[in-house]
Amino acid sequence: MRRALAAFTAVLLGAAGAGRAQQLGPVGTGGVAALANALEQLGSVKRVLVIGAHPDDEDTQLLTWLSRGLGAQAAYLALNRGEGGQNLIGPELGPELGIIRSEELLAARSVDGARQFFTRAYDFGFSKSADESFRFWPRDSVLHDVLDVIRRFRPQVIVSVFSGTPRDGHGQHQVAGIIARVAYDALRDSTWGPVKFYRSAFFDTASTTLTIPTGAVDPVLGQSYYQIAMAGRSRHRSQDMGQLQRLGPAQTRLSLADSKVGAAGGIFDGVDTVWHGRERFRALIDSARALLNPYAPDALVPYLARASAALGPEDTEQRAILDGALANAAGLVVDGTADDAIVIPGERVQVEVTLWNAGAAPVPVSGVDIQAPEGWRVDRIDPATGTVAPNTVLVRRFAVTVAPDAPRSQPYFLRRPQLGALYDWTGIPADVRGLPFEPPALQARVHATVGGAPITLTREIVYRYRDQANGEIRRPIFVTGDFDVEVMPTMLVWPVDGATGAERAVTVSVTNRIRGSATAVVRLAVPPGWAPVPPETVAFSREDESRSVTFTIRLPPNPATGSFTLRATATGTDGFTSRDALTIIDYPHIRPRPSVHPSTVEIRVAKILLPGLARVGYVRGAADRVPEALAEVGVPVVLLDADSLAHGDLSRYDAIVIGSRAYETDPALVASNGRLLDYARGGGLLLVQYQQYPFIQGGYAPYRLSIAQPHDRVTDETAPMTPLVPGSPVFHSPNDITADDWSGWVQERGLYFAHDWDSTYVPVLESHDSGGPPLEGGLLVAPLGRGTYVYTGLSFFRQLPAGVVGAYRLFANLLGLKAKNVP
């Protein structure tokens, strides 16, 4: 139990470290700000757990005030990782979006100083009630995970962001509110359990019982807790949540819903925060706080060293914080680097661990070792012990051999297939479950003595290199196979009717991960009855070099409709065959994370007719893979850049399509909106996919159009779809849309439907969730001059990349509306 708690604590401390830990910047002591924050967290027991549903639900002001202002141990528990949302910074959706948003939460926590937890719940998309959400998330499973976090973190206070009632809106919000209270009630009578339960009063000021002044200035950082919180909030870049760090008073509000201690004052009023039995330890920490001088931090070493002697061996979390504070005060820094970032099974990696003593006293070192996964071999090259003199470094070298059966790096929650809308954590160590990610592959551990006190310091081992433009760059260490095999496209919808040809190109890109030269035979296996594809041989002269092979595939005569799978492989001279690819999700504001993709192409052969089209312009939106999907079925797509929108001859295009949320992400589109409307007035077809409120606020539609708040949407992907104008070419030309075309849709029917509109628009389709009102704003068609304007909230941005055949057939019909003009 003690070992598990120690590992749990070490991972938590790493996850809640300084901001540079997220972007893997150069190492340092952390300075007086880190030292002051550590001193605030030593010597008392103050713990608050905030519970919400999604990334971005957290009260960042509260977390910042608790952690930076009170020195409390604060944490945010999100039920899910936000996989069902949209991505404003890149193409990733689903589990990969969950990776990004998990990292954005960690980036925010690195600013506000709190910790981060999750349950197994997968964000399946918007729901309108708690009952609907519980159909996806078994109540007992989610409650089990929340209780597990509470038992490990042991908060005295729980804050629920949501009320657990329909006023929370999103059904997942309601579930978070319900589960938070049930978990509190289940543990409130235990000897150690939470004694206070608050709810956020952000939207219910009348219920406020506690107002927290988050506009107060942190004296170390020189900014208010509100400003710090907004800096953390702005890390949620995939959700377009950048915030102003305004000056002046600010506050966050809570409502006390239950208390065992009968105190309605401050958040810890009535709560026993005294660490009993450690009076000497607390007195020494108090003295250290009083003596803190940014110009002489080493003056704290004697007090902290004596505090270490007064600390019990079971106090692993306080010891980890104290060891870091002692190292900081003494000017001691640990670093660990390897000579490669992406390694393969059996590869030998050189590792250096550096201990820098920037202080004034010698530091004896009793041991330096490497923590590696099971099956990896660590060979020591230098002695384990030594002494680091002032203003010198001690370097210890190791040779690390990757286990011969080491799997590709993958976040622990993606290692097994999902169980419905829950991740499968089978086989994951108990002390890792619920954490954002597993510990790094390699870590350096240094045992030293500072001021007579033994300390242990841990540092992730990374790959470091010099970038001529940006300076020092650090990368995590990932494991992959001999070759990474990527296939494009991964989904191919293949019309068997229309002028799309009887052959397609599939490109297989192979990256060599073997050090030095290598040769691989690349194969593309096709379904039985299809014409075989001859293999190709590729040669590499160096590690990390990539080569691409393009295969031509052909349908068999009289092909059957349905789904078929092609698999690409690369076989080396040793006979080892690679079937997957390691991809790295990498953005400047978050730490790089791995994701593993199978080297397969799913082909859906279907009857899809296209209208006569010579050229279709497309303005890409957020996380928008629609243009590639359209091109694969034969639509002649041309991406429109800023110059084309501002100066190009738009009359050349049979239709122009605007991607989802493009009015938020593309300033050139906003600037050229008038030209696009003129294009439609002159006889063109302008098709606008779903947009959010900036589209309405900017008045970019040609006629009056509004979107409700909250917006109208159909969350049930199986909801009935009823034509309002059955004779419209939308449903007949060139494809006859039938009930079959509405099957197989994913996650939802649509979102951000129009709520109210000018009578010039003609609604052609009605849909609604069970028990909900009829919604007719999902597909509007209007004449505009000699042309046609279409607004649709149908989620084509999800359906087309997912290969939903009916969505392709309907979209083809929309592209053919130019000749028909009106429904």
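Restricting attention to the range 549-563, report how many residues are open to solvent by 80 Å² or more (accessible area, probe 1.4 Å) and within 16 Å of SER599 (Cα to Cα).
1
Sort out for me the helices (runs of 4 or more DSSP H) sitting completely within the range 128-187 that have 3 or more residues that are acidic (Asp, Glu) and closer than 18 Å to LEU422 by Cβ.
Counting at least 3 such residues, we get 139-153.
So which residues in the range 528-538 are closer than 15 Å to THR569 by Cα and either open to solvent by less than 70 Å² (accessible area, probe 1.4 Å) or in contact with a Pro (Cβ under 7 Å, 6 or more places away or on another chain) (or both), if there are any at all?
Within the range 528-538, VAL533, VAL538 meet the criteria.
Within the range 776-795, identify whether any single residue is in a helix (DSSP H, G or I) and either within 36 Å of the chain's Cα centre (by Cα) or not β-branched (Val, Ile, Thr) (or both), and answer yes or no.
Checking the range 776-795: not a single residue is in a helix (DSSP H, G or I) and either within 36 Å of the chain's Cα centre (by Cα) or not β-branched (Val, Ile, Thr) (or both).
Taking the conditions exactly as written (under 33 Å from the mean Cα position of the chain (by Cα), over 22 Å from ARG593 (Cα atoms) and either part of a strand (DSSP E or B) or hydroxyl-bearing (Ser, Thr, Tyr) (or both)), does THR337 satisfy them or not?
Against the criterion (under 33 Å from the mean Cα position of the chain (by Cα), over 22 Å from ARG593 (Cα atoms) and either part of a strand (DSSP E or B) or hydroxyl-bearing (Ser, Thr, Tyr) (or both)), THR337 does not qualify.
Filter the range 720-730 down to residues that are crowded, with 19+ Cβ neighbours inside 10 Å and either free of Cβ contacts under 8 Å to residues at least 60 places away in the same chain or in contact with a Leu (Cβ under 8 Å, 6 or more places away or on another chain) (or both), then give me how many there are.
3
Looking only at residues that are hydrophobic (A, V, I, L, M, F, W, C) and within 23 Å of ALA341 (Cα to Cα) in the range 534-555, which one is nearest to the chain's Cα centre (by Cα)?
The residue in question is PHE540.
Look through ALA325, ALA329 and report the one residue that is touching an Asp or Glu at 6+ places or on another chain (Cβ under 8 Å) and either open to solvent by less than 10 Å² (accessible area, probe 1.4 Å) or without any contact (Cβ under 8 Å) to a residue 12 or more places away in the chain (or both).
ALA329
Which is in contact with a His (Cβ under 9 Å, 6 or more places away or on another chain) and open to solvent by 10 Å² or more (accessible area, probe 1.4 Å), of ASP580, ASP574, ASP586?
Answer to the check: ASP580.
Being open to solvent by 10 Å² or more (accessible area, probe 1.4 Å), without any contact (Cβ under 8 Å) to a residue 24 or more places away in the chain and farther than 28 Å from ARG661 by Cβ: is that true of ASP140 here?
yes
Out of LEU630, LEU669, LEU676, LEU686, I need the residue that is open to solvent by less than 10 Å² (accessible area, probe 1.4 Å), in contact with a helix residue (DSSP H, G or I) (Cβ under 8 Å, 6 or more places away or on another chain) and part of a strand (DSSP E or B). Which one?
So the residue among LEU630, LEU669, LEU676, LEU686 that is open to solvent by less than 10 Å² (accessible area, probe 1.4 Å), in contact with a helix residue (DSSP H, G or I) (Cβ under 8 Å, 6 or more places away or on another chain) and part of a strand (DSSP E or B) is LEU686.
Return the total of residues in the range 302-315 being touching a helix residue (DSSP H, G or I) at 6+ places or on another chain (Cβ under 6 Å), closer than 28 Å to VAL393 by Cα and open to solvent by 20 Å² or more (accessible area, probe 1.4 Å).
So the count comes out to 2.
Could you tell me whether ALA453 is closer than 19 Å to GLY28 by Cα, open to solvent by less than 10 Å² (accessible area, probe 1.4 Å) and either without any contact (Cβ under 8 Å) to a residue 60 or more places away in the chain or more than 18 Å from the chain's Cα centre (by Cα) (or both)?
Judged against the criteria, ALA453 is not a match.
For the range 457-490, give me the residue count where each residue is open to solvent by 40 Å² or more (accessible area, probe 1.4 Å), over 30 Å from ARG445 (Cβ atoms) and touching a Gly at 6+ places or on another chain (Cβ under 8 Å).
Residues meeting the conditions: 0.
The values are calculated or read from the model by the stated rules, or taken from the named source; none is laboratory data. As the structure is a prediction and not an experimental result, all values here were calculated from the model. Here Cβ is always computed from backbone atoms with ideal geometry, including for glycine, and neighbour counts include all displayed protein chains. Only protein heavy atoms, including side chains, enter the accessible area calculation; ligands, DNA and RNA are left aside. Shrake-Rupley method; radii C 1.70, N 1.55, O 1.52, S 1.80 Å.
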